[in-house]
Amino acid sequence: MAIHRRDFLRGIVAAGGAYAFRGFVPSRAWAAKRFPAGVWGGNVPTWCHDLVRDGGRIPQVAPSRSVDFLILGGGLAGLSAAYKLRDTSMLLLEHLDRVGGHCVRDRWNDIWFAGASAYFVEPEPPLDEFYAELAFPLRQIAEPADSAILGWNSVVDVFGAGLENLPYPDAVRRDFARARKDFAAILESDDCPVMPLAETSEASKQYDSMSFADWMLHEKKYHPAVKAYVDLYCRSAFGAPGSENLSAFAGLNFYVSEFGARYTFPGGNALAAELLRDAIHAAGSGRILSATTAVQVEDRGGKVIVTAIDPHGEPIAIEAGAVLVACPKYVAKHIVKGLPQDQIAAMDGLAYGSYVVANVLCTSPVTDGSYDTWTDVAPFTDVLIADWITREEGNQPSSKHQVLTVYYPTGYEIDSLLDDDAYDRYRDTVVRHLDYLYPGAEAKIEDVKLYRWGHALCHASPGWYTRTSPLAARPFGRVLFAHSDNQGLPAFEAALVEGISAAAQAKALLAP
Ligand SMILES: Cc1cc2nc3c(=O)[nH]c(=O)nc-3n(C[C@H](O)[C@H](O)[C@H](O)COP(=O)(O)OP(=O)(O)OC[C@H]3O[C@@H](n4cnc5c(N)ncnc54)[C@H](O)[C@@H]3O)c2cc1C
């Protein structure tokens with residue numbers, strides 16, 4: 001089906017070749033409709049900018065509490081570490097007022113929707129056992145999982161049945177088919193690039209010698225249209241402006257797994273964080289301190305002293321036998337005192353893309369085509385149907401309402417996200433472009449809930465994964481690193497594996 005575009009957009013498409021990523025920042029409020037004033041969800045910098053990044057004076061206070069294990073950061077990595085340490089003397093500090101990090105969800109009417117993280121891939125050891133232990137109620141995402149609106153043409157199942165309908169000449173369609181074969185073959189091969197690094201084959205390390213763009217254009221010689229399509233994914237899943245900014249090792253690690261089964265929970269990946277949080281509470285209450293920001297970690301030989309700012313803005317200090325830093329490296333490098341320069345340089349090798357996620361609350365269904373729809377004719381990359389997996393049989397909408405989750409990566413652009421009118425600009429831009437993609441959508445939109453994630457998704461250039469990642473995550477005395485960015489991969493699985501592994505290292509460190 002061809003989508004009828006508006007005259008206004010014809011101009012843009014002709015001039016710009018659709019939305020090749022240029023760090024699109026909406027310049028003004030466009031939507032005709034008025035919406036209630038919105039409040040950002042997501043992360044807020046507060047002490048992380050004032051005291052951590054800008055090098056403010058760290059208050060000196062005497063420790064008021066002593067624990068064996070202190071975990072900094074309550075995303076999936078911190079929570080999985082805390083879960084593994086739940087029967088010990090343990091405490092977790094989380095900067096935000098709820099745990100989960102990028103795995104949070106909210107609800108409108110009967111529909112749960114994701115504030116960020118959406119789905120995960122086929123469970124493999126050791127995570128399959130972990131999911132079973134926690135009784136994760138995972139649900140496989142029903143087909144059609146993916147569709148696209150490319151150059152205003154709607155294509156369901158781009159790399160499958162939709163190959164024939166791609167709006168390109170035959171030779172280009174053949175390259176899409178060739179790419180599908182290559183991606184599926186790499187997924188099945190023993191030389192599929194995987195992390196942690198110890199698990200990957202020697203041969204797979206060659207992928208880390210070139211960018212993902214070079215692999216597609218020069219190594220495989222795919223038509224640039226294939227790369228342009230995969231670039232949408234690189235923006236959405238890595239926060240990178242494009243495949244040029246990414247090692248082929250990371251790009252392939254992520255992209256080939258899209259060719260296997262995918263799973264999620266109602267409202268995306270947040271339920272995993274909630275189940276971990278509940279299991280930690282069940283083992284002992286009062287061990288998660290939210291709205292508490294770690295600002296300094298100092299190994300004093302034998303004990304580590306962590307200074308933090310509590311929910312009232314007051315400094316506190318906690319003494320620990322071992323500290324697990326489960327917050328991102330751009331925070332870790334500032335708060336851990338005395339880190340060697342080579343380790344800081346390795347941490348600096350990671351880039352982080354920022355993000356807006358818009359949950360669009362619709363009074364009746366706007367689209368029904370697939371779980372995820374990719375597009376090159378909007379400033380955002382993809383649109384998910386939030387209740388796709390909880391619909392009644394036959395994938396029919398289970399309610400008269402619908403929530404669309406719009407993924408709007410902003411690349412390395414962050415300042416404009418903090419502007420006073422940023423909420424209105426992003427909301428109105430999302431509404432306007434949804435109305436272009438799905439004519440009549442605007443009239444059905446009741447409200448838009450926006451989440452802003454500064455420095456959300458990590459990625460790195462060639463060489464980082466096989467040469468530098470061990471250095472970035474190297475333990476520093478009694479300080480261990482547990483964030484998903486240990487792997488340079490912004491993934492559900494990376495967070496869990498790194499949290500579980502850091503907990504085991506910490507236990508070994510304090511073992512008699
Ligand atoms: C928009 C978006 C969509 C995504 N979609 C997917 C997806 O579909 N599938 C997938 O596999 N992955 C996805 N991801 C990535 C995945 O969710 C993350 O990789 C994973 O949740 C990261 O977990 P983490 O614990 O390593 O880090 P984080 O989630 O970053 O958690 C770190 C925590 O540390 C806290 N913190 C930071 N500084 C401090 C401090 N000084 N003191 C105390 N606490 C601090 C933060 O507030 C945060 O809660 C997505 C991410 C985003 C942003």
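The values are calculated or read from the model by the stated rules, or taken from the named source; none is laboratory data. Computed from a predicted structure; not experimentally measured. Cβ placement follows ideal geometry from the backbone for every residue including glycine, while neighbour counts extend to all protein chains displayed. Note: accessible area is taken over every heavy atom of the protein model, side chains too, but ligands, DNA and RNA are not part of it. Shrake-Rupley method; radii C 1.70, N 1.55, O 1.52, S 1.80 Å.
Taking 8 Å as the Cα distance limit and 6 or more residues as the minimum spacing, I'd like the relative contact order of the stretch 166-307 as a percentage. If you can, show how the numbers build up before the last one.
Numbers: 121 pairs, mean separation 29.0, N = 142.
Computed over the stretch 166-307, the figure is 20 percent.
Could you give the accessible area per residue of the chain, probe 1.4 Å, as a whole number in Å²?
On the way: 19980 Å² over 512 residues.
Dividing the accessible area of the chain by its residue count gives 39 Å².
Debye sum, Cα scatterers, the chain, no solvent: what log₁₀ I/I(0) at q = 0.08 1/Å?
-0.49
Given a 1.4 angstrom probe, I'd like the percentage of the accessible area of the stretch 318-431 that is carbon and sulfur, rounded to a whole number. Could you put the intermediate results ahead of the total?
Numbers: 1550 of 3280 Å².
Ligands and nucleic acids excluded, carbon and sulfur reach 47 percent.
How far is helix 248-257 tilted off the main Cα axis of the chain, in degrees rounded to 10, range 0 to 90?
Roughly 70 degrees between the two axes.
Given an 8 Å cut-off on Cα distances and at least 6 residues of separation, report the relative contact order of the chain as a percent. Write out the running numbers ahead of the final one.
Working: 1103 pairs, mean separation 135.7, N = 512.
Relative contact order for the chain comes out at 27 percent.
Ranked highest first by average number of other Cβ atoms within 10 Å, how do 191-197, 482-488 line up? Kindly include the intermediate steps, with their values, before the conclusion.
Values: 191-197: 19.1, 482-488: 28.3.
By packing density, highest mean first, the sequence is 482-488, 191-197.
Within the accessible area of the stretch 169-240, what % is carbon and sulfur when the probe is 1.4 Å and the other protein chains stay in place?
Working: 1690 of 3300 Å².
Carbon and sulfur together cover 51 percent of it.
Can you work out ³J(HN,Hα) from phi for every residue in the stretch 161-177, in order, using Karplus 6.51 cos²θ - 1.76 cosθ + 1.60 and θ = phi - 60°, giving whole Hz and x for Gly and Pro?
Along the stretch 161-177, the couplings run 4, x, 3, 5, 9, 4, x, 9, x, 3, 4, 6, 4, 5, 5, 4, 5 Hz.
Round to the nearest 10 and give me the degree value, 0 to 90, for the angle of helix 492-510's Cα axis relative to the longest principal axis of the chain.
With both axes taken from Cα atoms, the answer is about 10 degrees.
Charges only on Cβ, +1 for Lys and Arg, -1 for Asp and Glu: so what's the dipole of the stretch 274-422 about the Cα centre, in debye to the nearest 20? Don't skip to the end; give the middle numbers.
Values: 9 positive and 21 negative charges, 137 e Å.
Once rounded to the nearest 20, the dipole reads 660 debye.
First select every other residue whose beta carbon is under 14 angstrom from the beta carbon of ALA237; then total the charges, Lys and Arg +1, Asp and Glu -1.
Working: positive: ARG235, ARG262; negative: ASP146, ASP231, GLU258, ASP372, ASP382, GLU493.
Around ALA237, the surrounding residues sum to -4.
Select from the stretch 238-329 those trypsin sites (Lys or Arg not before Pro) which occupy a DSSP coil region and have at most 16 other Cβ atoms within 10 Å, ordered by residue number.
Hits after loop and neighbour filter: ARG300, LYS303.
Express in whole angstrom the spacing between the alpha-carbon centres of the stretch 118-166 and the stretch 469-512.
28
Could you give log10 I(q)/I(0) at q = 0.17, 0.22, 0.24 Å⁻¹ for the stretch 402-448, computed by the Debye formula over C-alpha point scatterers of equal weight, without solvent?
For the stretch 402-448 at q = 0.17, 0.22, 0.24 Å⁻¹, log10 I(q)/I(0) is -0.56, -0.84, -0.94.
Largest first, please: the extent of the C-alpha atoms of the stretch 231-303 along each principal axis, to the nearest Å.
Here the Cα extents, ordered largest to smallest, are 43, 37, 22 Å.
Taking the stretch 178-261, which GluC sites (Glu not before Pro) meet the DSSP loop condition and have no more than 14 other C-beta atoms within 10 Å? List each step's numbers first, then the result.
Numbers: sites: GLU188, GLU199, GLU202, GLU219, GLU244, GLU258; in loops: GLU202, GLU258.
Here the sparse-neighbourhood loop sites are GLU202.
Using a cut-off of 26 Å between alpha-carbon atoms, which lysines can reach LYS220, once sequence neighbours fewer than 8 places away in the same chain are excluded?
Leaving aside lysines fewer than 8 places away in the same chain, those within reach of LYS220 are LYS181, LYS205.
Counting other Cβ atoms within 10 Å of each Cβ, which chymotrypsin sites (Phe, Trp or Tyr not before Pro) in the stretch 467-505 have at most 13 and sit in a DSSP loop?
none
Taking Cα atoms, how many degrees apart are the long axis of helix 224-238 and the longest axis of the chain, rounded to 10 and kept between 0 and 90?
Orientation of helix 224-238: about 40 degrees from the principal axis.
Considering amide H positions built from the backbone, and no H for Pro or chain starts, which residues 5 or more places from LEU324, or on another chain, come under 5 Å of its amide H?
Amide H neighbours of LEU324: LEU70, ILE71, LEU72, LEU480.
Computed over the Cα atoms, what is the radius of gyration of the stretch 127-229 divided by 2.2 N^0.38 Å, N being its residue count? Don't skip to the answer; put the middle values down first.
Details: Rg = 17.1 Å, N = 103, 2.2 N^0.38 = 12.8 Å.
Normalised Rg, Cα atoms only: 1.34.
So what does log10 I(q)/I(0) come out to for the stretch 385-512 at q = 0.09, 0.16, 0.23 Å⁻¹, using the Debye formula with one equal point on every Cα and no solvent?
For the stretch 385-512, the Cα-only Debye profile gives -0.48, -0.97, -1.30.
Taking +1 at the Cβ of each Lys and Arg and -1 at the Cβ of each Asp and Glu, which of ALA77, ALA148, THR390 sits farthest along the dipole of the chain towards its positive end, judged by Cα position relative to the Cα centre?
Most positive-ward Cα: ALA77.
For the stretch 63-100 and the stretch 265-307, what is the separation of their C-alpha centers, rounded to whole Å?
The two parts, judged by their Cα centres, are 3 Å apart.
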